[in-house]
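Quick notes on the structure that follows.
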Amino acid sequence: MKTKLLSLCLLLMASSAGFAETDSTNVAGNATASATPASRNKTEVRQKASEMTHDFFDAFLNKSKKVKHRDTTATADPFSQFDLTWLNGNDRRKNGSPFAGKYFTPIVMVDVNYTASLAHPIDNTVVGSTALARNNEVEVSLASLGGEFNYDNVRAKIQLQFGTRSTVVPRNDASWNRGGYDLKSAYQYFSEAYGGYHFNAMKGINLDAGIFMSYVGLFSYYNCENWTYQPSFTSDNTPWFFNGIRLQMFPSMKFKQEIWIINGWQTYGKFNNMPGLGSQSTWSPTEAIRVVSNNYFGTDVAGNTKCFRFHSDNSFLLRYYNKPGAVFSKAAFSVTADLGFQEGGGIGGFGAGLANGPQSNFLCWMAYNNLWFGKDHFSWCTGAGMIHNPGRYLVLAPSGDADPNTNPATGNTIGTHPYSMNPGDPFDAWDISTSLSWMPNDFITFTAQFIHRQSQEPYFAGAGGVTSPNGYNGTPIPAGWTPDLVKSENRFIFAMMVRL
């Protein structure tokens, strides 16, 4: 900081000296000839002032002459020896932020999409997605402003979120109904908000508290970091954020271990008295390989203190081709497999037909392959996934008149024809997708995706929509009308994502 202030003072002094030199030269020129021509004095002063100006702004922005590839899941030096821009769910900018400062790095993200459902629901509502909210409309999915702060080992990150995601994601958390004060309105406009301290031990230790990203399910909450736009059920049905305490430890340059003590599974508050406990292990033995394992244990059933939840999420990523100068520059694939269940207090986990209750478990997988070409300005991603869920555990519930969530004002379900979320009611589905992305530079991405999703039970929004006969809220629901839920959907997604 002292260097920056000194540079600024010298810059001001040089500018003042330039004006003074000009004035004295003009005065001397009226009296006698100067030993040094005035034009030369002006040129030297201007050149010196220009050099000092550049030095000042370089110091202010803390520009590095060496390119460092950033890993958004870790802020310490480990992994920085690798180019990780190819990873699904990671920052793809090769040089990081162009506005990175020594103490503050601003972050701006805008995500706008147009999703065309071939079913054309009358109310334009999307069912079963956290990336999408409205059919056949241009929507601002995310408008995010914030940044990262650090000084003397103290660190903080605040990332505000606006757009449909600030409504779509929080609606899946009912913990804010417990107790006084409205946690939903207090937190829903933060995607990340935490402070912490960096310890100079091992290869780095970070202790943070607040709201932070989970990265369970491989995909990033920020679509500008992903290979494709709409993820499979494995990612979309698992949490995007945690609220609590996170400990990041880096024993080596290739390994990270996280420990979480949190309020719950993507919850602002707690459903019961026990906090959620979790961990993430990340290993990159080489630049081309990444292995991630997330595990969670907690009590997340409202009013049921005897029901325990366990979930394990595991991903493997491999960049199997890398020739930067070739027409096809690189290729990589990812595989993710999840297993989870709830058991106790009348819920049976994997114990179908036993005395401990109906099944409530989650088995799923997804796989993607991404191919880059045109000097990394284009990529083509194909993917597929499946989910087997005999108890609708973690399934994203439909909204509108099919919404099974509780209305706090009445104590009844929000919808008059609620979609059943009871343990024992099955949900089996699969999806397949393909997408093409154009990346003119590191800061903007245009993506076009086609996705087909299929379920064995009616789930997706059909032509009749899920809100009312005419698609508008407040319209009386006549006898005999029900939300139009169907077993499959086809949609095209067009998205523009800016990240600075």
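What to note about this one:
- Among the residues of this structure, SER129 does not count as one that is surrounded by 17 or more Cβ atoms within 10 Å (Cβ to Cβ) and outside any loop (DSSP other than H, G, I, E, B).
Residue-wise test of (1) touching a strand residue (DSSP E or B) at 6+ places or on another chain (Cβ under 7 Å); (2) farther than 29 Å from SER80 by Cα; (3) of a type outside the set (Lys, Arg); (4) in contact (Cβ under 8 Å) with a residue 24 or more places away in the chain.
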{"residue": "PHE149", "(1), (2), (3), (4)": "yes, no, yes, yes"}
{"residue": "PRO170", "(1), (2), (3), (4)": "no, yes, yes, yes"}
{"residue": "LYS203", "(1), (2), (3), (4)": "yes, no, no, yes"}
{"residue": "PHE212", "(1), (2), (3), (4)": "yes, no, yes, yes"}
{"residue": "VAL216", "(1), (2), (3), (4)": "yes, no, yes, yes"}
{"residue": "PHE242", "(1), (2), (3), (4)": "yes, no, yes, yes"}
{"residue": "LEU247", "(1), (2), (3), (4)": "yes, no, yes, yes"}
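- Residue within region 154-169 that is over 20 Å from the mean Cα position of the chain (by Cα) and over 30 Å from ASP300 (Cβ atoms) present: yes
- Positions within region 142-171 being in a helix (DSSP H, G or I), crowded, with 18+ Cβ neighbours inside 10 Å and not charged (D, E, K, R), in sequence order: SER166, VAL168, PRO170
- Residues that are under 24 Å from ASN272 (Cα atoms), under 18 Å from the mean Cα position of the chain (by Cα) and of a type in the set (Asp, Glu) do occur in region 201-210.
- Residue in region 48-62 that is surrounded by fewer than 19 Cβ atoms within 10 Å (Cβ to Cβ), in a loop (DSSP other than H, G, I, E, B) and at pLDDT below 90 present: yes
- Hey, GLY244 part of a strand (DSSP E or B) and surrounded by fewer than 22 Cβ atoms within 10 Å (Cβ to Cβ) or not: yes
- If you go through region 474-493 and pick out every residue that is modelled with pLDDT of 95 or more, open to solvent by 80 Å² or more (accessible area, probe 1.4 Å) and hydrophobic (A, V, I, L, M, F, W, C), you end up with 1.
- Tally, over region 182-236, of residues that are among the acidic types (Asp, Glu) and open to solvent by 40 Å² or more (accessible area, probe 1.4 Å): 1
- Among (1) open to solvent by less than 10 Å² (accessible area, probe 1.4 Å); (2) of a type outside the set (Asp, Glu); (3) in contact with a strand residue (DSSP E or B) (Cβ under 7 Å, 6 or more places away or on another chain) - the single one PHE373 does not satisfy: (1)
- Of all residues in region 353-375 being in a loop (DSSP other than H, G, I, E, B) and over 30 Å from ILE444 (Cα atoms), the one that is modelled with the highest pLDDT: SER360
- Meets criteria (of a type in the set (Ser, Thr, Tyr), farther than 25 Å from ARG499 by Cβ and in a strand (DSSP E or B)) for TYR197: yes
- Hits in region 95-121 - residues which are open to solvent by 10 Å² or more (accessible area, probe 1.4 Å) and out of contact with any Ser or Thr (no Cβ under 8 Å at 6 or more places or on another chain): ASN95, PRO98, ALA100, GLY101, LYS102, TYR103, PHE104, TYR114, ALA116, LEU118, ALA119, HIS120
- The residue that is surrounded by the most Cβ atoms within 10 Å (Cβ to Cβ), counting only those in region 284-310 that are within 20 Å of the chain's Cα centre (by Cα) and not hydroxyl-bearing (Ser, Thr, Tyr), is ARG290.
- With a requirement of 1 or more residues that are open to solvent by less than 20 Å² (accessible area, probe 1.4 Å) and either closer than 21 Å to ASP300 by Cβ or modelled with pLDDT under 95 (or both), the strands (runs of 3 or more DSSP E) lying completely within region 376-473 that satisfy it span 378-389, 427-441.
- Among the criteria (1) within 19 Å of TRP372 (Cα to Cα); (2) under 20 Å from the mean Cα position of the chain (by Cα), the one PRO440 does not fulfil is (2).
The values are calculated or read from the model by the stated rules, or taken from the named source; none is laboratory data. Because the structure is a prediction, the values reported are computed rather than measured. In this analysis, Cβ positions are derived from the backbone assuming ideal geometry, glycine residues included, and neighbour counts consider all displayed protein chains. Areas reflect the complete protein model, heavy atoms only, side chains present, ligands, DNA and RNA absent. Shrake-Rupley method; radii C 1.70, N 1.55, O 1.52, S 1.80 Å.
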